[in-house]
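Here's the structure, in structure tokens; my notes come after.
The values are calculated or read from the model by the stated rules, or taken from the named source; none is laboratory data. A quick note: this is a predicted structure, and the numbers were derived from the prediction, not measured. Please note: Cβ atoms are built from the backbone with ideal geometry, for glycine as well, and neighbour counts cover all protein chains shown.
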Amino acid sequence: MLKKVVKLGDFVEERSNGEKIRYIVQTAPPEMEDAVVEHMTTFFLPREPMCSHRILGDPVSTKTLQELWREAVQGGTTLVALQIVDGEEPKIIGANVTPISEKTPAGDKHFEGDNFNDVLEALIDVAQRGNIYEKYGVDRYMTGYGLSVDRDYHGYKIGQRILECRRPLCKLLGVEATGTVFTASSSQHIAAKIGFETLAEFEYSTYTVNGKKPFADLPGKMLMMATSSRRMSKVVKLGEFVEQRRNGDKLRFIVQIATPDMTEDIIHLMTEFFMTREPLTQAGVLGDPASTRDLHNLWREEIARGTSIAALEVKEGKDPKLFGVNITPVCVKGEKHDSKLEGEHSGTLFKLLDEVTAMGNVYERYGVTKYLSGMGLAVDADYHGFNAGRRILECRRPLCQHLGIQVTATVFTAPASQHIASKLGFETLSELNYATYEDKEKGHPFASVPGKAVMMALKY
């Protein structure tokens, strides 16, 4: 059992109608038990196919399910999404009851309610047919007793963010897999989108257990879906290096595609070693919590897409240590980034970057429909002098080959990265001086910032 609340994510999302909210995802403390159960009873029970079909309207089965939720919340691993509004108490707007399932069960337990037992029997059967313990070679995994979002908050990606936060929670707990029998098409879609694979699948109408078809008139299907730390952390190595500083210190490191389980470590590294040194983020974003969250959310999205680069120190007998990263999204002609920015300074920053990018005219200049871009390159200060920044940039070549991309292009905003890119053969496509850049609404927002933004590209 977790003895303290663990914050797993801080998000600002916008609906299609332009309304924004901020919410965090964290573990639910025991004192939140009643609120979680009330939320699940109100928003999960009436909408989940099996529960609405068999448990809703059966007081005994409903009470049994509520007791199961209470027990799980007391275990300390349940996830909740809380809306954050200044001056108000955080409000539960989403929950995922996520206990840990053990290969060796504690023993048979009797539950009240025939309808509850029919549903439970089916879920256990489908989960067992998924064979998660053997497939992933684990003796425990994080499962789920329901994922729900307050109906007034649909459209803010809350279900997706909660599911994504299972990964850092599993890492914290030392649990190598998570799997759930997803019973509704919406949750099945989200799970597939973030990398869960289907281990077992059964149509409700034809599913049979103990000679019965308990859900014969239900449309849809049950999917046992799962992912593991190995699956989350599939390594695509891009390079291996041994470098030496002037003082004689040597470092062996690998450069690889960043995996989702690295996400929070990457966010921490980028915050500490990119935002505090990069000229434009220093000029406003760094002291603006909303703009900082914008960058964190953008970085999380790109890491999840599996195209960013990480550098890890390799020492015999020790786990690899992350010390460098380059967030490298793929830009596709005609596609617009739909992420909404909450912060004033982040909006100003991206206006400048978009203008320099448009001036560079990458698609037309190179005759391509996509290219590998960049959204920040950082190296831990303790590792300066080992050519890590250069090696990371060099590894865009094998990454582009892996992705089937011919061109990489980035707005480099600091003299150091501009110098390295030039040495590697990047050509300058466009540039803007910070002091003279003019924003129609804010005048010269970077008037006090020395230097310039340079759009540079390289075709392989």
Only unsatisfied item for Glu301, checking (1) among the charged types (D, E, K, R); (2) assigned to a helix (DSSP H, G or I); (3) in contact (Cβ under 8 Å) with a residue 40 or more places away in the chain, is (3)
Scanning the range 299-328 for residues that are modelled with pLDDT of 90 or more and within 14 Å of the chain's Cα centre (by Cα) gives Trp299, Thr307, Ser308, Ile327
Scanning the range 308-342 for residues that are farther than 28 Å from Lys20 by Cα and assigned to a loop (DSSP other than H, G, I, E, B) gives Val314, Lys315, Glu316, Gly317, Lys318, Asp319, Pro320
Of all helices (runs of 4 or more DSSP H) fully inside the range 360-438, the set with 1 or more residues that are surrounded by 18 or more Cβ atoms within 10 Å (Cβ to Cβ), polar (S, T, N, Q) and modelled with pLDDT of 95 or more is 415-423
When (1) of a type outside the set (Val, Ile, Thr); (2) part of a loop (DSSP other than H, G, I, E, B); (3) out of contact with any Lys or Arg (no Cβ under 9 Å at 6 or more places or on another chain) are applied to His345, the one that fails is (2)
Within the range 41-91, residues of a type in the set (A, V, I, L, M), touching a Ser or Thr at 6+ places or on another chain (Cβ under 7 Å) and farther than 21 Å from Gly220 by Cβ come out as Ala72, Leu79
All-but-one check, Phe44 against (1) at pLDDT below 95; (2) within 24 Å of Tyr204 (Cβ to Cβ); (3) crowded, with 17+ Cβ neighbours inside 10 Å, failing number (1)
Given (1) outside any loop (DSSP other than H, G, I, E, B); (2) farther than 30 Å from Asp114 by Cα, Gly195 misses just (1)
Counted residues in the range 43-73 being in contact (Cβ under 8 Å) with a residue 60 or more places away in the chain and not hydrophobic (A, V, I, L, M, F, W, C) come to 5
**Study point:** Qualifying residue in the range 280-296 (condition: outside any helix (DSSP H, G or I) and modelled with pLDDT of 95 or more)
**Key:** no
Exactly one of Gly159, Gly174, Gly130 is closer than 24 Å to Phe43 by Cβ, at pLDDT 90 or above and not basic (Lys, Arg), and that residue is Gly159
(request) Inspect the range 95-108 for any residue being closer than 30 Å to Arg15 by Cα, touching a residue at least 60 places away in the same chain (Cβ under 8 Å) and in contact with a His (Cβ under 6 Å, 6 or more places away or on another chain) and give the result as yes or no. (result) yes
Arg252 surrounded by fewer than 17 Cβ atoms within 10 Å (Cβ to Cβ) and either at pLDDT 90 or above or within 30 Å of Phe446 (Cα to Cα) (or both): yes
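Here's the yes/no breakdown for (1) hydrophobic (A, V, I, L, M, F, W, C); (2) out of contact with any strand residue (DSSP E or B) (no Cβ under 8 Å at 6 or more places or on another chain); (3) assigned to a loop (DSSP other than H, G, I, E, B); (4) more than 26 Å from Glu264 (Cβ to Cβ):
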residue: Ser16; (1), (2), (3), (4): no, yes, yes, yes
residue: Ile21; (1), (2), (3), (4): yes, no, no, no
residue: Ile24; (1), (2), (3), (4): yes, no, no, no
residue: Glu31; (1), (2), (3), (4): no, yes, no, no
residue: Asp34; (1), (2), (3), (4): no, yes, no, yes
residue: Gln66; (1), (2), (3), (4): no, yes, no, yes
residue: Glu88; (1), (2), (3), (4): no, yes, yes, yes
residue: Ile93; (1), (2), (3), (4): yes, no, no, no
Selection from the range 232-268 of residues among the basic types (Lys, Arg), in contact (Cβ under 8 Å) with a residue 40 or more places away in the chain and outside any loop (DSSP other than H, G, I, E, B) yields Arg252
Filtering the range 202-222 down to residues that are modelled with pLDDT under 90, exposed (fewer than 15 other Cβ atoms within 10 Å of the Cβ) and not in a loop (DSSP other than H, G, I, E, B) yields Lys212
**Report entry** Thr271 out of contact with any Cys (no Cβ under 6 Å at 6 or more places or on another chain) and part of a loop (DSSP other than H, G, I, E, B)
**Finding:** no
